[in-house]
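The values are calculated or read from the model by the stated rules, or taken from the named source; none is laboratory data. This one's a predicted model, so the numbers in the text were calculated from it and none came from an experiment. Ideal geometry is used to build each Cβ from the backbone, glycine not excepted, and the neighbour counts take in all protein chains shown. The protein model used for the area step is the full one, side chains on, heavy atoms only, and it has no ligands, DNA or RNA in it. Shrake-Rupley method; radii C 1.70, N 1.55, O 1.52, S 1.80 Å.
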Amino acid sequence: MTSSTQDTPRPYPDPSAPSAPPAPVTVLGLGPMGRALAFAFLAAGHPVTVWNRTPGRSGDLPDRGAAVAGSVADAVGAGRVVVACLRDYDAVRAVLEPVAPTRWQGRLLTNLTSGEPARARSMADWATAHGIRYLDGAILTPTQVVGTAATAVLYSGAHEVHEAVRDTMAAVGGTGTYLGADPGRAAAYEVALLDLFTTSVYGVAHSFALASAEGIAPDDLAPFAIGISGLLSEMIPRFAGHLRTGDYPGERSTIASAATTIAHLIDAATAHGLEVGALTAAKGAADRAVAAGHGPDGLHAWPRSCAPGSRRVDVPEPSAQQRQRPEVVVLPEAARGLVRVRDDRGVRVEDLGRPPLGVVRGPARVSGRGERRPGRAEAGRQGLGLRGRPDPGEQQQAEVGGEGSEQQRYVEAVTGAQRAP
């Protein structure tokens, strides 16, 4: 592999690499993943030494040829490549702290412990200060496939350390990807992917709980749930593309409509006494996006409302034309009567307190019947929040309240509009 920021994933072992005697490996930590790693190294012909903080966890590893070290210092001294797989980074540091620096001469540490990216970087700094050649990593597959072609492992940290251990780590199997010199990079990918996995699994569990509360048997729901899960494989690359370009069309669905849907879900779950914390968090993010004027945007814009400072409305300086022609959009997707106002003060969202009836767009003249609703293509270009919805305006006018109505008075107040004669 090269020293680029991210190498192209390729199978381990590398057929083009020269053969070498299997290096001795030490595995620190004999939880399920640590045991799986030890078995994979044994299967590849490596001399393996194992150590665990709680004695008696080696199981049948000694019968397969593994040596059990009596201390962590002896374990480190027995291997050329030391692989740590413990509970967290604090545990790794606590275990390795007593080991004398001389024990690390000629040895390399590959840490496959899960944790936050900041902890990985801190661990790398600690290792460097103690003279330890360090590489961080993350295993993205379950224990039962470790050592097979289905394994996926990410590595980040010093490139020279990665090159020194890559032949040995080939025993883990599958595809390995080196992500660059930042030791926290592999952990960053891992936490993002675990975020996706954890919230998805919780969503599955919660949907079964809600279905059960409504008298739907799990086996009856499962085929339809599989159909929902299939949508994600199409959505993920599409989201990535829109996030890259900053384009968030709402032809398929909008954040405002999602906010309404989530409100229904919260009501249904609450009626059965189910936990709604995750749904409430999602609703909060959607509400912030709507309040910031992004209600008509597609769901790909949702991540922006999860980011720091998401409550701030960031809009470009209005043009001279915008200053002269204020725009009021009554968002049809909103559960309540929300209007987005763009004028020389920027963009803001106001609440009429009741469902909207249509769209008003400057110049500042509004009739009691409102203006003719634009067609779908035009609405998409103008960002009026009508994308992906039925387009009754091609047959009839859209009402924006009658003369003297609350909505009519509101539009006049914010635009200085006068009723058309």
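Grouping the Cα pair distances of the range 74-201 into 10 Å bins from zero gives a pair-distance distribution of 13, 46, 34, 7, 0 percent in increasing distance order.
Computed from backbone phi with θ = phi - 60° and the Karplus coefficients 6.51, -1.76 and 1.60, the 3J(HN,Hα) list for the range 28-37 is 9, x, 10, x, x, 6, x, 5, 4, 5 Hz; x is used for glycine and proline. Per-residue 3J(HN,Hα) values for the range 168-184, derived from phi via the Karplus relation 6.51 cos²θ - 1.76 cosθ + 1.60 with θ = phi - 60°, read 5, 5, 4, 5, 5, x, x, 10, x, 10, 8, 9, x, 6, 5, x, x Hz in sequence order (x marks Gly and Pro).
Over the range 181-317, the hull volume per residue, using the convex hull of the C-alpha atoms, is 145 Å³.
Put simply, the amide H of residue 133, placed in the peptide plane, has neighbours under 5 Å in 109, leaving out anything fewer than 5 places away on its chain. Taking all protein chains together and rolling a 1.4 Å probe, residue 71 ends up with roughly 40 Å² accessible. Mean sequence separation of contacting Cα pairs (under 8 Å, at least six apart), scaled by the length of the range 63-138, corresponds to a relative contact order of 32 percent.
How many angstrom lie between the Cα centre of the range 231-291 and the Cα centre of the range 40-85? The range 231-291 and the range 40-85 have Cα centres spaced 47 Å from each other. Proximity of backbone amide H atoms, modeled 1.01 Å from N, is registered between residue 27 and 49, 50, 51, 83 at under 5 Å, excluding neighbours fewer than 5 places apart on the same chain.
A cut-off of 5 Å between modelled amide H atoms, ignoring neighbours fewer than 5 places along the same chain, links residue 178 with 7, 155. Rounded to the nearest Hz, the phi-derived 3J(HN,Hα) couplings of the range 153-164 under the Karplus curve 6.51 cos²θ - 1.76 cosθ + 1.60 (θ = phi - 60°) are 10, 10, 10, 8, x, 4, 5, 5, 6, 4, 4, 6, where x marks glycine and proline. Descending by average beta-carbon neighbour count within 10 Å, the peptides 237-249, 56-68 line up as 56-68, 237-249, the highest first. Once every Cα of the range 135-246 carries one equal point scatterer and solvent is ignored, give the base-10 log of I(q)/I(0) from the Debye formula at q = 0.16, 0.19 Å⁻¹, two decimals. With no solvent term, the Cα-only Debye profile gives -0.91, -1.06. Accessible area per residue was computed with a 1.4 Å probe on protein heavy atoms; residue 103 scores about 90 Å². Within the full protein context, the accessible area of residue 264 is estimated at about 120 Å² for a probe radius of 1.4 Å. For the range 56-148, pairs of C-alpha atoms spaced more than 23 angstrom apart make up 27 percent of the total.
Of the residues 53, 288, the one with the largest accessible area comes first in the ranking 53, 288, computed with a 1.4 Å probe on protein heavy atoms.
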